[in-house]
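Here's the structure, in structure tokens; my notes come after.
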Amino acid sequence: MNSPELTQAFPSVETTALQGFPADASDAAAITTSRTPTVLFVDQSGQPGGAELCLLPLAGLCAARSEVLLLAEGPFRARLEALGVRVRVSSNTRVAAISKQALRLGWLRAIPGILGQIRAIAAQARQFDVLYLNTQKAFVLGALGKPLHRRPVIWHVHDVMTGEHFGRMQLRIVRWLAKYAADRLVANSRASADALIALTGLPAQAVPVVHNGVDASTFAAVDATDLVALRRRLGLPETACLAGLFGRLAPWKGQHIAIEAMTHLPDVHLVLVGAALFGEDAYALQLRDQAKQLGVADRVHFAGLRDDMPAWMKAMNLILHTSTEAEPFGRVVIEGMAAGRPIVAAAAGGVLEIVRHRENGWLVKPGDVAGYVEAIETLRAEPELAQRLTDQASEDVREHFTLDRYLQQLTQVIAVAKS
Ligand code: UDP
Ligand code: GLC
């Protein structure tokens, strides 16, 4: 496989502009010229998870010459269509039920569905220059169909491919396909890239890193000078100290760690923004029970899934990230930084490429309840420190995690895949 001339590692961002593609992000609209490849994007989910929200602006930018194929119905479709993106859905309940840990015998029953989806993706891919696979299941199905569609395959890797997150069989399939069927790989962090490199033995330059970007102007547009009014509008306690935790409710996202921390922080309220997107309903119920049993239910607020993150984030005093396993990237971390709120994050995975302890945020050992308590107490007691961290974090977002930079780099990856 070819190796793209792209390298990424915060803080030394380095890109090589590729022929026929914008050297400057402000020219990113050039993606829609007739020289640019047509793209079929495929994503397995109909839910707006991080990988999907990462695809959203790219698909929007490429809308004139691309289409998105989703392998499940859901609200993500409307988000894409609102940007003028053409969307098709090809769903199969048995294939959708194959989960990331449980790729065992159950998948045999899904074989007819798997073959159907491989054919559906291939038939659609033949109408485009490039096939861009945005999730792991989409990658497996799209790559297996390569003899049928014969299109260059890009896999955008959003996962840390290790035994911590995935079953052995799944790792084996992915290793084989990444080596023999992917034409271009691009990872959302050094952590995700390194795990894939270790799994496949591919050379490091075969897996460039493109960090997610955030549109800082959407955060600047929210006026939080009257914090009480903002909180009233969102139905939040108006004057309490609010710690916000943003993201889908899932055991490895560690919402239970934050709830436990509340038992040691009697005047802090925890706001959990997000829902169980991928079937983790039992965990969502368990969190409510945990809050009751620990006697903190009156200070733990379940806000559900929201789509106005800038307002919710700016309504907080500080923002927590509590993943107990290595976070592949962590969009919520750069969003929290863009919101200008101090961020306390779990020190593992892609987060280590974003947060530097006591420089632009605060790092805690994953799962360390006492560490979160100490971080929150310190940031409350030392407002100058909190301010210094948020100032640096805002600068880092402006320098390294812009949406323009992200779009420019991914459009280059697409251009190289066609050539
Ligand atoms: N998010 C959202 N509404 C919510 C909670 C979260 O839109 O109620 C968004 C959040 O702003 C972020 C994404 O969901 O952009 C989660 O991405 P992240 O990379 O942090 O985690 P993932 O879920 O992809 O593992
Ligand atoms: C995945 C990861 C998350 C990452 C997102 C966007 O969903 O779990 O860490 O930020 O993709 O790349």
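The values are calculated or read from the model by the stated rules, or taken from the named source; none is laboratory data. All values reported here derive from a predicted model rather than from experimental measurement. Positions of Cβ are backbone-derived with ideal geometry, glycine not excepted, and every protein chain shown enters the neighbour counts. Surface areas here come from the heavy atoms of the whole protein model, side chains and all, with no ligands, DNA or RNA. Shrake-Rupley method; radii C 1.70, N 1.55, O 1.52, S 1.80 Å.
Out of the residues in region 47-68 that are without any contact (Cβ under 8 Å) to a residue 60 or more places away in the chain and buried (at least 21 other Cβ atoms within 10 Å of the Cβ), state the one that is nearest to Asp404 (Cα to Cα). Break it down stepwise before answering.
Filtering region 47-68 down to residues without any contact (Cβ under 8 Å) to a residue 60 or more places away in the chain leaves 56, 59-60, 63-65, 68.
Restricting the remaining residues to those that are buried (at least 21 other Cβ atoms within 10 Å of the Cβ) gives 59, 68.
Working: Ala59: 14, Val68: 21 Å.
This residue is Ala59.
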**Request:** Out of Val228, Val222, Val210, report the one residue that is at pLDDT 95 or above and either among the small types (Gly, Ala, Ser) or within 16 Å of ligand 2 (Cβ to nearest atom) (or both).
**Result:** Val210
**Asked** Quick one: which of Val300, Val268 is in contact with a Cys (Cβ under 6 Å, 6 or more places away or on another chain), buried (at least 16 other Cβ atoms within 10 Å of the Cβ) and under 24 Å from Gly336 (Cα atoms)?
**Response** Val268
**Complete:** Subset of region 319-345, residues hydrophobic (A, V, I, L, M, F, W, C), more than 16 Å from Leu272 (Cα to Cα) and within 11 Å of ligand 2 (Cβ to nearest atom), comes to Ala326, Phe329, Ile334
**Message:** Show me the strands (runs of 3 or more DSSP E) entirely contained within region 306-419 in which 2 or more residues are open to solvent by less than 20 Å² (accessible area, probe 1.4 Å) and touching a residue at least 40 places away in the same chain (Cβ under 8 Å).
**Reply:** 318-320, 343-346
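Here's the yes/no breakdown for (1) over 21 Å from His269 (Cβ atoms); (2) more than 15 Å from ligand 1 (Cβ to nearest atom):
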site: Gly336; (1), (2): no, no
site: Pro342; (1), (2): no, yes
site: Glu353; (1), (2): yes, no
site: His357; (1), (2): yes, yes
site: Asn360; (1), (2): yes, yes
site: Glu374; (1), (2): no, yes
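Here are some residues: Arg151, Arg168, Arg119. Which one is touching a Phe, Trp or Tyr at 6+ places or on another chain (Cβ under 8 Å), of a type outside the set (Gly, Ala, Ser) and more than 16 Å from ligand 1 (Cβ to nearest atom)?
Numbers: Arg168 fails: touching a Phe, Trp or Tyr at 6+ places or on another chain (Cβ under 8 Å); Arg119 fails: touching a Phe, Trp or Tyr at 6+ places or on another chain (Cβ under 8 Å).
Exactly one of Arg151, Arg168, Arg119 is touching a Phe, Trp or Tyr at 6+ places or on another chain (Cβ under 8 Å), of a type outside the set (Gly, Ala, Ser) and more than 16 Å from ligand 1 (Cβ to nearest atom), namely Arg151.
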**Message:** Let me confirm something: among Val207, Val228, Val160, which residue is farther than 27 Å from Ala284 by Cα, among the hydrophobic types (A, V, I, L, M, F, W, C) and either open to solvent by less than 30 Å² (accessible area, probe 1.4 Å) or touching a residue at least 60 places away in the same chain (Cβ under 8 Å) (or both)?
**Reply:** Val207
**Prompt:** Hey, does region 287-304 have a residue that's on the phi > 0 side of the Ramachandran plot and within 16 Å of ligand 1 (Cβ to nearest atom)?
**Reply:** yes
**Residue check, Arg184 basic (Lys, Arg), open to solvent by 10 Å² or more (accessible area, probe 1.4 Å) and either within 19 Å of Leu410 (Cβ to Cβ) or touching a residue at least 40 places away in the same chain (Cβ under 8 Å) (or both)** = yes
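Hey, among the residues in region 143-157 that are crowded, with 18+ Cβ neighbours inside 10 Å and of a type in the set (A, V, I, L, M), which one's nearest to Phe401 (Cα to Cα)?
The residue in question is Val157.
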**Item:** Enumeration of residues in region 85-127 that are open to solvent by less than 50 Å² (accessible area, probe 1.4 Å), modelled with pLDDT of 85 or more and part of a loop (DSSP other than H, G, I, E, B)
**Value:** Val85, Ser90
**Request:** Answer yes if at least one residue in region 292-300 is part of a helix (DSSP H, G or I), basic (Lys, Arg) and closer than 23 Å to Ala386 by Cβ, and no otherwise.
**Result:** yes
